[in-house]
Amino acid sequence: MKKIRVFSGIQPSGDMHLGNYLGAVKQWVENQDKEKENFYCIVDLHAHTILRDAKELRDNIRSLAAMLFACGLDPNKSTVFIQSQVRAHAEACWLLNCVTPIGWLERMTQYKDKKEKLNSISAALLDYPVLQTGDIILYDANEVPIGEDQKQHVELARDIAQRFNNLFGETFVLPDPIIPSVGARVMNLSNPLSKMSKSFDEDESGVVGLLDDDNSILKTIKRAVTDSGNQIVFSNDKENAGVNNLLGIYKVITGKSSMQVEKDFANAKGYGVLKESVAELVLGIITPIRAKYKEYISDPQELDKLLEVGAENARTISEPKVSEMKERMGFI
Ligand code: AMP
Ligand code: TRP
C-alpha cells in the first residue's frame, strides 16, 4: 500500500517560537513514528517576500535547520531540505501562476493583514500562496500539518491543484490541512488576542523563543496577561483569553483532557500556580532542545551535508513532477 505522504514548511524569518513548535513542528516529529513519508521544508523563498537582508537570511536558514533537527526531526526518517536548493519549487510557482485567478490571491487574509502593515509590498507577497501550493503538490502530499493560520493557504492549494487537473488532466493529489486539536493557535502572552509570532508587527515581550534563556522565558510566562478574576477554567470569553491560552499550552504539553486540566487547578488560589506549572513544562521542553541546537549549530559543515542529502531526495520527486506539468501544459 502507498504510504501517506506528508509535506510542511516553515519560514526562516527569525527564531522559532513556542507557537511554531506546539502548532506545527511537534506534529512533524510525532509523524515520524507513523507509517508516513515525511517532507519538511525550510521555505527561504517565502521568507524573502518580506525579509530583505541577505546575511540575516543566511544565518536564519542554518539556525532554523539546526533547530528542526534539535526538535527531533531525524534525517533518516524525514526529508528535511531548503526550498531554494530545489529548483522545481520556483518553476512550479510560475506554471501555477498561469492557472491561478488573481482574485483568489487577493482574498487571502494573511495577504490582506500583511499589506496593511507594510509601506511597500512586493509582487511576491501576493504570490506567496502559489509558491506554497507548488511546495505541497509537487510531492503529491496527502497531509499538510500546520497551525490554524495556514488553513486557508492549504485550501487554496487544493483549489489550484483541482483547477490544474481540470484544465490539463489528473496531475496532482488534493492535499488536506491537518490542524492539531490543541496548540493550533498559541497566543501572544502579553496580548492574548493576537497570535504568537516573531514577525515584524508583534509584541515581542509575549513571545517565548526556543532560543531564549531560562530567565527570560520565566519572566515572559510570569508576566503573562490574565484577567482580574481567579477562576482557572477553559472559556472562549475575550476576558479569559490569557488564561485560556495558558491552559491550552498546559493541555497540549501534558496531553491531558480539558476536564483533567481544570481539575489540576481546581484548588489553586490565583493565577500564580498556573503560570508556575506552565513555566516548568515549557522549560522542560525547551532546555533539552536548546542543548541539542548548540551541538548542531556548532558544526555548519555537517548541517549543510544533512541538508544536501534532503535536497537530493526532494529533487528526485519534484523534478519529474515539474516535467510532467510542463509536458501537460504543452511545453516541448
Ligand atoms: P511560520 O513561522 O509562519 O513559517 O509558521 C510555521 C508553522 O508554525 C506553520 O504551520 C504555522 O501555522 C505554525 N504557527 C505559527 N505561529 C503559530 C502560533 N502562534 N500558534 C500555532 N501555530 C503557529
Ligand atoms: N506559509 C507557511 C507559514 O508561514 C509556510 C509554508 C510554505 C508552508 N510552504 C508550505 C507550510 C507548504 C505548509 C506547506 O507557516
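The values are calculated or read from the model by the stated rules, or taken from the named source; none is laboratory data. Remember, it's a predicted structure, so these values are computed and weren't measured experimentally. In this analysis, Cβ positions are derived from the backbone assuming ideal geometry, glycine residues included, and neighbour counts consider all displayed protein chains. Surface areas here come from the heavy atoms of the whole protein model, side chains and all, with no ligands, DNA or RNA. Shrake-Rupley method; radii C 1.70, N 1.55, O 1.52, S 1.80 Å.
Okay, here's what the table says:
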{"item": "Residue within the range 172-190 that is in a helix (DSSP H, G or I) and free of Cβ contacts under 8 Å to residues at least 60 places away in the same chain present", "result": "no"}
{"item": "Of all residues making up the range 155-204, the number that are basic (Lys, Arg) and away from ligand 2 (no atom under 13 Å from the Cβ)", "result": "1"}
{"item": "Single residue of VAL80, VAL86 found to be under 18 Å from LEU306 (Cα atoms), within 16 Å of the chain's Cα centre (by Cα) and within 15 Å of ligand 2 (Cβ to nearest atom)", "result": "VAL80"}
{"item": "Residue match in the range 67-76 (condition: within 13 Å of ligand 1 (Cβ to nearest atom) and either more than 17 Å from VAL309 (Cα to Cα) or open to solvent by 10 Å² or more (accessible area, probe 1.4 Å) (or both))", "result": "yes"}
{"item": "The range 19-51: number of residues that are touching a Gly at 6+ places or on another chain (Cβ under 8 Å) and either more than 8 Å from ligand 1 (Cβ to nearest atom) or acidic (Asp, Glu) (or both)", "result": "6"}
{"item": "The lone exception for ARG62 - which of (1) of a type outside the set (Gly, Ala, Ser); (2) part of a helix (DSSP H, G or I); (3) touching a Gly at 6+ places or on another chain (Cβ under 9 Å) it fails", "result": "(3)"}
{"item": "Qualifying residue in the range 100-120 (condition: within 16 Å of the chain's Cα centre (by Cα), among the β-branched types (Val, Ile, Thr) and either within 13 Å of ligand 2 (Cβ to nearest atom) or open to solvent by less than 30 Å² (accessible area, probe 1.4 Å) (or both))", "result": "no"}
{"item": "Yes/no for VAL29 being touching a helix residue (DSSP H, G or I) at 6+ places or on another chain (Cβ under 8 Å) and surrounded by fewer than 23 Cβ atoms within 10 Å (Cβ to Cβ)", "result": "yes"}
